[in-house]
Amino acid sequence: MHHDGHFLGIASTPAGEIDRLLARAEQHACAPSGTHTLEGRTVCNLFLEDSTRTRTSFTAAARGLGAEVLDFNASASSLSKGESLVDTVETIAATGADCIVLRHRGSGAPAHIAARLPIPVVNAGDGAHAHPTQALLDALVMRRRLGTIAGKTVAIVGDILHSRVARSLCRIVQQQGGDVRFVGPRAFVPSSLATAFGVELHHDLRAGLDGADVAYALRIQTERQGRATYMTGSAYARSFGLNTANAEALRGCALIMHPGPFNRGVEIDSATVADERTAIIDQVAAGVHARMAVLERALTAGPWEGARS
Ligand code: CP
């Protein structure tokens with residue numbers, strides 16, 4: 001069902017609305033308490049895939065704005081008795097939830113639900129398709145650390161094939177006027193994917209990071225690889241890890257990012273996590289502000305509309 005508050009993807013959200021969300025998130029970062037714009041509203045976290053950061057920060061964002069949070073436990077629900085996702089979500093909506101925050105392993109599940117519900121649906125990550133609130137928080141961190149995204153080059157390194165983070169990040173960087181490169185082994189970065197996104201493709205870390213402002217490492221998504229074996233962790237770390245051995249390749253990058261959770265010693269090593277250019281914890285903190293803005297947009301016509309970038 002159409003609802004102006006759905007937030008399903010970066011590409012499906014007008015650029016002006018993304019700008020307003022970023023501006024409103026910045027307002028929350030500067031005045032993080034005391035804005036109870038969602039008093040009396042109820043947000044339901046429906047996470048059918050594991051999560052630490054996204055689930056916790058949606059809860060913190062909703063509570064920070066004065067909303068109640070319903071935390072749905074899938075294994076203790078009637079989903080385990082065979083109830084369909086649509087029937088489950090309609091049931092939750094009927095209990096008084098005003099907004100559904102959905103994480104699902106199936107690409108397109110939030111859009112499927114959104115088409116059937118009278119309340120807003122926020123995509124908290126669907127399969128390898130999209131993770132739009134992650135993209136918002138990443139954009140916030142890039143703007144804070146680099147001043148702007150326009151004109152900057154972001155090298156996304158690793159398992160792009162299976163990554164919803166990479167797809168949403170690519171779209172928001174392009175929308176904000178930056179350039180994206182995909183960097184990784186052939187099995188993780190097919191040329192058709194780079195063509196579809198209109199980005200440069202590199203299968204060599206040093207060449208991929210040469211001239212890049214941001215090195216953005218991805219987690220190897222073993223849970224989405226089925227039976228395929230792509231590369232051992234140590235072989236990956238040698239060729240594509242952001243680590244001490246590859247420090248020379250990283251030398252020109254002003255900012256190093258990873259959405260988390262990370263495999264320490266595979267995509268990134270402890271020394272690089274501790275590098276002052278690395279913003280992993282800043283990313284988590286920005287997630288609360290980004291999700292505050294998204295929940296306000298979902299549930300109010302309110303003050304977020306006054307925010308201008
Ligand atoms: N970055 C991210 O989505 O992390 P979680 O899986 O912990 O939510």
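Descriptive notes on the structure:
- GNM flexibility winner over the chain from Ile220, Ile281, Ile268 (Cα, springs under 10 Å): Ile281
- A convex hull fitted to the Cα coordinates of region 107-188 yields 90 cubic angstrom per residue.
- Helix-only mean residue ellipticity at 222 nm for the chain, each DSSP H run of n ≥ 4 adding -39500 (n - 2.57), per residue, nearest 500: -11500 deg cm²/dmol
- Efficiency of FRET between Glu17 and Ala115 - r from beta-carbon atoms, R0 22 angstrom, step 0.05: 0.70
- Directionally averaged projected area (region 26-139, Cα convex hull): 7.3 nm².
- Loop-resident trypsin sites (Lys or Arg not before Pro) (DSSP state other than H, G, I, E or B) in region 96-148 with no more than 15 further Cβ atoms inside 10 Å of their Cβ: Arg105, Arg116.
- Diffusion constant of region 164-254 at 4 °C, which comes from Stokes-Einstein with the Kirkwood Cα-pair radius and 1.567 mPa s, µm²/s: 92 µm²/s
- Cβ-Cβ distance of Arg105 and Met1, R₀ of 25 Å, FRET efficiency by 1/(1 + (r/R0)^6): the value works out to about 0.60.
- Model label sites at Asp210 and Thr195, defined 7 Å from Cα along the beta-carbon direction, differ in position by 2.5 nm.
- Taking the C-alpha atoms only, the angle from helix 280-299 to the longest principal axis of the chain is near 30 degrees.
- Simple label model, 7 Å out from Cα along Cβ direction - Glu39 to Thr300, nm: 1.0 nm
- Just so you know, the averaged projected area of the alpha carbon convex hull for region 1-88 sits at 7.3 nm².
- Calculated over region 146-204: convex hull of Cα atoms, volume per residue (Å³): 74 Å³
- Label-point gap, in nm, between Asn73 and Glu90 - each point 7 angstrom along Cα→Cβ: 2.6 nm
- A full extension of the chain between Arg53 and Arg251 corresponds to an added length of 68.4 nm, given 0.36 nm per residue minus the alpha carbon distance.
- Dipole axis of the chain (+1 Lys, Arg; -1 Asp, Glu on Cβ), positive-most option in Ala29, Ala237, Ala301: Ala237
- Ranked by how many other beta carbons lie within 10 Å on average, peptides 124-136, 63-75 from highest: 124-136, 63-75
- Taken over the chain, the convex hull of the Cα atoms encloses 126 Å³ per residue.
- Backbone N under 19 Å from the Arg238 label point (7 Å along Cα→Cβ), restricted to region 156-176: 158-159
- Using the average count of surrounding beta-carbon atoms within 10 Å as a protection proxy, the listed peptides 174-182, 36-44 rank, highest first, as 174-182, 36-44.
Read-outs: derived from the displayed coordinates by stated rules, not from any lab. Just so it is clear, the model here is predicted, and its values are computed rather than measured. We place every Cβ from the backbone using ideal geometry, glycine too, and count neighbours over all the protein chains shown.
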